[in-house]
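Shown next, in structure tokens, is the structure this report addresses.
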Amino acid sequence: MAETTLNETTANLSVDFLGLKLRNPLAITEGPLTKDAETIRWALEHEVGLVFTKGIRPEAAISPSPYIVKAGRSLMNADWSDIGFEAWLDEIRSLESGTPFVVSIAKNYVTPEEAIEMAIQLEAAGAPIISMCDYNAEQLIQTVRLGRPKIKVPLMVKLPPFLPNLEEVLKQLMEAGVDAIAAMDSIGPVLEIDIRTGLPILGSQDGTGYLSGTAIRPVTVKYIYEISRFVDVPVVGVGGVGSARDVVEMVMAGATCVGMVAAPLLKGLGIFDRVAKDLRQLLTKLDVNDINAVRGLTHRKVQQSSMRYELRSRIDYDLCNYCKLCSKVCFVRAITDTGERVVANRERCVSCGLCASVCPVEAIELTAL
Ligand SMILES: Cc1cc2nc3c(=O)[nH]c(=O)nc-3n(C[C@H](O)[C@H](O)[C@H](O)COP(=O)(O)O)c2cc1C
């Protein structure tokens with residue numbers, strides 16, 4: 001990391017992605033925020049580096065009602081609405097040249113041959129990058145194998161979550177010539193029930209949908225960490241990101257671009273402007289002058305580090321705001337409330353680290369006994 005002290009605006013966020021120079025690594029991946037050319041233009045009024053179209057189907061489709069619902073701090077969807085392939089050709093032709101976008105094909109509705117035929121026409125309409133999305137990894141491998149020689153623009157895939165044979169899938173995708181990998185799609189099927197009616201909250205046939213947002217973030221981070229261990233093509237990390245801190249984490253895990261869908265759906269597109277601003281400030285605070293410098297950092301650190309043991313909680317009273325949360329969560333009563341302040345008994349501490357992780361003002365440090 002850079003040693004120099006930098007002012008807030010100097011941290012570079014620009015990244016290279018498959019021949020595109022992006023203003024920042026922030027992406028909107030497939031979803032209702034990019035369902036046609038108009039919504040893509042709205043997205044690009046904000047600090048968005050890259051846009052993925054909604055997954056394009058061969059035919060237009062509508063979603064059941066309701067199809068997007070908040071679930072805790074996350075989101076569930078049964079969103080299969082799409083304007084359809086023919087309409088998309090016109091939408092793509094209408095986009096201004098230089099628009100940084102990826103055209104995403106909902107591969108799961110077509111055969112590899114049909115997906116490639118769609119890709120060739122989308123490329124002719126102006127798609128600068130094509131992506132294939134399918135819950136079936138074998139289908140993705142086959143599509144890249146057949147499609148790579150026929151498609152001139154970069155060809156990438158979006159992986160489903162929880163692939164048991166990830167390393168083998170990645171090896172075969174690389175051999176087939178894949179140019180980049182995005183992960184991951186929302187997790188599902190999942191179910192939430194409206195307890196006033198006993199009915200599922202989503203309007204799909206069986207009431208199930210797919211989960212995205214905050215709840216899935218650690219799953220995605222681990223996934224991106226694993227994928228970027230095995231491949232040397234750019235990786236797009238998407239799943240549960242909602243802040244500058246989350247973006248840095250995903251980049252440290254190995255991502256070149258970092259996508260968001262649930263967060264801007266729940267908070268509005270302005271979240272991209274806030275995250276980009278916060279990202280510059282955060283990088284500066286971390287003494288980093290270029291986002292590219294921290295890509296994959298965790299891989300390098302983990303190789304050097306060893307297991308950590310026997311670290312005990314120490315409270316910094318200059319920072320402590322006496323919220324008492326640490327004393328409430330300490331299940332061995334090593335942190336207690338005297339009525340005037342919280343005190344840590346380092347002999348009783350069992351080194352779990354929960355107190356430090358819940359402290360809202362970062363007043364607890366874990367140090368050797
Ligand atoms: C309402 C909604 C619609 C989505 N539609 C698609 C889609 O058409 N194709 C696709 O590959 N992913 C789709 N996704 C998945 C997102 O692109 C993203 O991978 C996932 O939501 C995880 O990111 P997030 O936690 O930031 O939402 C959709 C997600 C949501 C919430």
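The values are calculated or read from the model by the stated rules, or taken from the named source; none is laboratory data. This structure is a prediction, so every number in the text was calculated from the model and none was measured. Glycine gets a Cβ as well: all are built from the backbone with ideal geometry, and neighbour counts include every protein chain shown. When the accessible area is computed, the model is the full protein with side chains, heavy atoms only, and any ligands, DNA or RNA have been set aside. Shrake-Rupley method; radii C 1.70, N 1.55, O 1.52, S 1.80 Å.
In summary, strands (runs of 3 or more DSSP E) completely within region 321-369 and bearing 2 or more residues that are at pLDDT below 95 occur at 364-368.
Note on region 15-25: residues that are part of a loop (DSSP other than H, G, I, E, B) and open to solvent by less than 10 Å² (accessible area, probe 1.4 Å) amount to 2.
Please determine whether any residue of region 194-204 is in contact (Cβ under 8 Å) with a residue 24 or more places away in the chain and of a type in the set (Lys, Arg). Within region 194-204, not a single residue is in contact (Cβ under 8 Å) with a residue 24 or more places away in the chain and of a type in the set (Lys, Arg). Among the residues of region 26-57, the ones that are open to solvent by less than 30 Å² (accessible area, probe 1.4 Å), away from the ligand (no atom under 14 Å from the Cβ) and assigned to a loop (DSSP other than H, G, I, E, B) come to 1 in all. Candidates Lys54, Lys21: the one that is without any contact (Cβ under 8 Å) to a residue 24 or more places away in the chain and either within 25 Å of Ala293 (Cβ to Cβ) or in contact with a Gly (Cβ under 8 Å, 6 or more places away or on another chain) (or both) is Lys21. No other residue among Glu123, Glu113, Glu117 is more than 16 Å from the ligand (Cβ to nearest atom), without any contact (Cβ under 8 Å) to a residue 12 or more places away in the chain and acidic (Asp, Glu) apart from Glu117.
In region 205-230, the residues that are of a type in the set (Lys, Arg) reach residues that are buried (at least 19 other Cβ atoms within 10 Å of the Cβ) with C-beta atoms within less than 6 angstrom, at least six apart or across chains, in these pairs: Arg217/Gly240. Before we move on, is Asp185 within 13 Å of the ligand (Cβ to nearest atom), part of a loop (DSSP other than H, G, I, E, B) and either free of Cβ contacts under 8 Å to residues at least 12 places away in the same chain or not basic (Lys, Arg) (or both)? Answer is yes for this residue.
Are any residues in region 119-143 part of a helix (DSSP H, G or I), crowded, with 24+ Cβ neighbours inside 10 Å and of a type in the set (A, V, I, L, M, F, W, C), and if so, which ones? If the condition is that a residue be part of a helix (DSSP H, G or I), crowded, with 24+ Cβ neighbours inside 10 Å and of a type in the set (A, V, I, L, M, F, W, C), then Ala119, Leu140 are the ones that fit.
Candidates are the residues of region 79-97 that are part of a loop (DSSP other than H, G, I, E, B) and in contact with a strand residue (DSSP E or B) (Cβ under 9 Å, 6 or more places away or on another chain); the one that is farthest from Lys35 (Cα to Cα) is Leu95.
Here is the figure for region 270-307: residues that are more than 16 Å from the ligand (Cβ to nearest atom) and either in contact with a Phe, Trp or Tyr (Cβ under 6 Å, 6 or more places away or on another chain) or in a loop (DSSP other than H, G, I, E, B) (or both) total 9. Here the condition is being within 12 Å of the ligand (Cβ to nearest atom) and either at positive phi or in contact (Cβ under 8 Å) with a residue 12 or more places away in the chain (or both); of Ile83, Ile62, it holds for Ile83 alone. Against the definition (away from the ligand (no atom under 14 Å from the Cβ) and either in a strand (DSSP E or B) or in the same structural domain as Gly239 (by TED's automatic domain parsing) (or both)), how does Val178 come out, yes or no? Answer is yes for this residue.
Looking at the structure I just gave you, is Asn77 within 14 Å of the ligand (Cβ to nearest atom) and either closer than 30 Å to Leu191 by Cβ or open to solvent by 20 Å² or more (accessible area, probe 1.4 Å) (or both)? When the stated conditions are applied, Asn77 passes them. Filtered by the rule that a residue be touching a residue at least 60 places away in the same chain (Cβ under 8 Å) and within 16 Å of the ligand (Cβ to nearest atom), region 147-175 gives Met156, Lys158, Leu159, Pro161. Which of the residues spanning region 273-311 are within 22 Å of the chain's Cα centre (by Cα), over 30 Å from Leu369 (Cα atoms) and open to solvent by 30 Å² or more (accessible area, probe 1.4 Å)? Hits for region 273-311 are Asp273, Arg274, Lys277, Asp278, Arg280, Gln281, Leu282, Asp290, Asn292, Ala293, Arg295.
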